[in-house]
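Here the structure comes first, spelled out in structure tokens, and everything after it is commentary.
The values are calculated or read from the model by the stated rules, or taken from the named source; none is laboratory data. Note that the coordinates shown come from a computational prediction; the quantities given were computed from them, not determined experimentally. For neighbour counting, all protein chains shown are included, and Cβ atoms are generated from backbone atoms with ideal geometry for every residue, glycine included.
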Amino acid sequence: MIDHRPALDASLALAVARAGDPQAAIYARLFARHPAMEAEFWRDTSGRIRGEMLARTFEMIGDLAAPHAPDGGWGAAFLGTEAVTHDAYGIARAVFADFLPIVASVVAQAGGDGFTPAMAAAWDLVLARAAAVLAALPGSSMAARVIDVDDVLPPPDQRGAFFPMR
Ligand code: HEM
């Protein structure tokens with residue numbers, strides 16, 4: 001089985017060498033395609049959440065490009081958990097699924113004529129694996145989940161065992 005990670009890493013190094021940090025271009029393209037999404041980052045006044053999101057995404061992409069275990073490995077599991085976490089942020093699954101293709105297109109564009117067929121194959125694998133992971137997830141109604149703690153926890157005087165730190 002081909003290990004696509006070297007080509008993937010080379011594509012990132014090429015993109016950075018030619019166009020610098022791709023973060024601004026990636027979020028600009030996300031917000032151009034989905035203008036309502038910019039406001040979702042209302043808590044991110046410093047840019048650190050967007051930076052962390054992208055850093056974790058690159059880490060995940062590297063794992064998705066690896067020859068992987070039958071269970072899909074860490075990258076697939078992380079992508080699935082983040083899709084569910086993002087349900088709670090209010091990010092529709094279709095928008096969530098758009099992020100990796102946007103990252104891929106920014107990297108390919110930055111690479112220009114240096115972007116090789118091997119790099120394209122690595123990204124195609126990543127995008128195909130990510131799409132398969134997301135297609136296999138149970139859907140989400142996106143309905144707000146409001147939990148009344150008194151419905152799910154023992155009576156207040158018996159909660160010591162649940163919250164031993166108190
Ligand atoms: C492959 C797709 C994605 C992955 C792996 C991913 C991953 C993450 C991670 C790890 C964080 C937490 C950062 C932190 O606080 O430390 C995060 C936060 C966030 N993500 Fe994503 N993300 C993805 C796509 C998207 C898309 C398409 C949107 C659309 C706008 C989005 C919106 C957000 C928002 C609004 C937050 C911050 C929530 C908050 O704490 O206020 N994400 N993401």
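Remarks
- Checked against the criterion of being within 15 Å of G62 (Cβ to Cβ), modelled with pLDDT of 95 or more and within 11 Å of the ligand (Cβ to nearest atom), the candidates A97, A130, A122 yield just one match: A130.
- Neighbours by Cβ (under 7 Å, 6+ apart or cross-chain): first from region 25-45, free of Cβ contacts under 8 Å to residues at least 40 places away in the same chain; second near the ligand (Cβ under 6 Å from one of its atoms): F31/M37; F41/I49; R43/I49
- Enumeration of residues in region 61-80 that are exposed (fewer than 15 other Cβ atoms within 10 Å of the Cβ) and either in contact (Cβ under 8 Å) with a residue 24 or more places away in the chain or within 9 Å of the ligand (Cβ to nearest atom) (or both): P67
- Every residue from region 78-93 that is at pLDDT 95 or above and among the hydrophobic types (A, V, I, L, M, F, W, C): F78, L79, A83
- Flag if T85 is out of contact with any Asp or Glu (no Cβ under 9 Å at 6 or more places or on another chain), under 26 Å from R50 (Cα atoms) and among the polar types (S, T, N, Q): yes
- Selection from region 8-47 of residues that are within 8 Å of the ligand (Cβ to nearest atom) and either modelled with pLDDT under 95 or assigned to a loop (DSSP other than H, G, I, E, B) (or both): H34, M37, E38, E40, F41, W42, R43, D44
- Single match in L137, L153 (criterion: surrounded by 10 or more Cβ atoms within 10 Å (Cβ to Cβ) and more than 19 Å from the chain's Cα centre (by Cα)): L153
- Against the list (1) surrounded by fewer than 16 Cβ atoms within 10 Å (Cβ to Cβ); (2) not in a helix (DSSP H, G or I); (3) not aromatic (F, W, Y), the condition I91 fails is (1).
- Breaking point among (1) surrounded by 15 or more Cβ atoms within 10 Å (Cβ to Cβ); (2) part of a helix (DSSP H, G or I); (3) within 8 Å of the ligand (Cβ to nearest atom), for T85: (1)
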